[in-house]
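Structure record follows, encoded as structure tokens.
Derivation of every value follows stated rules applied to the coordinates shown; laboratory data play no part. None of the values given here were measured: they were computed from a predicted structure.
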Amino acid sequence: MRILVTGSAGHLGEALMHTLRSDGRDAFGVDIRQSRLTDAIGSITDRAFVRRCMEGVSAVVHVATLHKPHVGTHPRQAFVDTNVTGTLNLLEEAVLARVSCVVFTSTTSAFGAALTPRTGHPAVWITEEVAPVPKNIYGVTKVAAENLCELFHRTHDLPCLVLRTSRFFPEADDHADTRESYADENAKLNEFLYRRVDIEDVVSAHLLALERARSIGFGRYIISATTPFSATDLGALRADAPSVVARLFPEYEEVYARRGWRMFPSIDRVYVNARARHDLGWRPRHDFGGLIARLREGGEVRSPMARLIGSKGYHHDAREKVLAPTDPLHRT
């Protein structure tokens, strides 16, 4: 069974290729950039290229995308070309090749404005039932690509699972105030409470999606670390997040104090992964409590997979070929 992985030179694409090949599986990587795990270089907007890459393929994991950091450097049309047309090309060729399933990597950024509560209101409890309200062309095109996946499931009986992943990138935060106010690992560990996931767990979710896609047919799933919070915590999280965290994890304050770290004063949303755990049988290994325990024992926040993949940087140069940049460095 050959598995086509788009965006094989990026964070998630490389992690998927590494894991699949380590397991002895036949994985074929495509990207616009050469890498040690890329087998074919080209753009997913080139339908003839996609058709050639689909030969002998049994399943597709579609990771390649133009992502949020490109909003300030690339024209809107480039997002449509890559995220919508590129996805359409893959789906059409997947149907013609009679592949067994497609797993599409989306983003919690698709929720957009729905992630921000009104002033004075509690944090938002984000499940798959929350309707997306995209804030930019990135969100618009990711939602459109998700809808294409659903359309192809309905009209061609193509099993398609959409995984809306939260933050897993290793780069520094894109907000200057966060970079200036918090050490990088401090900010990332805080986010494991409500909006971050380790790349190792993202990979395991994708592999399970490949296994379950045919029995499920179509579904959208939030892929984020398991939150310790409940819906009853939402008001307190918005008003005084440190007090909620201290109630649930009294030991965290000592771990943070030793490093000069701080909890965010307020948390505005909580991603809920219950559906993915139920439907996919997904069991994410990395969460806030486990990471606190790891730090107490002298470990670090990053998993072995995160350390192996490392940082990929961004495609900021508008002169660079932008038809199919690699996988999302999710800014959600």
Give me the angle, in degrees from 0 to 90, between the Cα long axis of helix 137-156 and the longest principal axis of the Cα atoms of the chain, rounded to the nearest 10. 50
Count of lysine pairs, the chain, Cα-Cα under 22 Å, sep. 8 or more residues or interchain, comes to 9
Over the alpha-carbon set of the chain, work out the extent along each principal axis and list the three values in angstrom, largest first. 56, 42, 38
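If you wrap a convex hull around the alpha carbons of the stretch 204-254, what volume per residue comes out, as a whole number of Å³? Could you put the intermediate results ahead of the total?
Details: hull volume 5.8 nm³, N = 51.
Dividing the Cα hull volume of the stretch 204-254 by its residue count gives 114 Å³.
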Explain nothing, just compute: Karplus ³J(HN,Hα) = 6.51 cos²θ - 1.76 cosθ + 1.60, θ = phi - 60°, for every residue of the stretch 256-268 in order, whole Hz, x for Gly and Pro. 5, 4, 5, 9, x, 8, 9, 7, 4, x, 9, 10, 9
What list of ³J(HN,Hα) couplings, whole Hz, do you get for the stretch 287-301 from phi and the Karplus terms 6.51, -1.76, 1.60, once you set θ to phi - 60° and write x for glycine and proline? 9, 4, x, x, 6, 4, 4, 5, 5, 5, 8, x, x, 9, 5
When you take every Cα atom in the stretch 155-215, what is the radius of gyration, and what is Dmax, the widest Cα pair distance, in Å? 16.0, 50
The stretch 168-200 and the stretch 44-77: distance between their alpha carbon centers, rounded to Å: 27
Stokes-Einstein D (µm²/s) once Rh is taken as the Kirkwood radius of the stretch 120-271 over alpha-carbon pairs, at 20 °C in 1.002 mPa s: 123
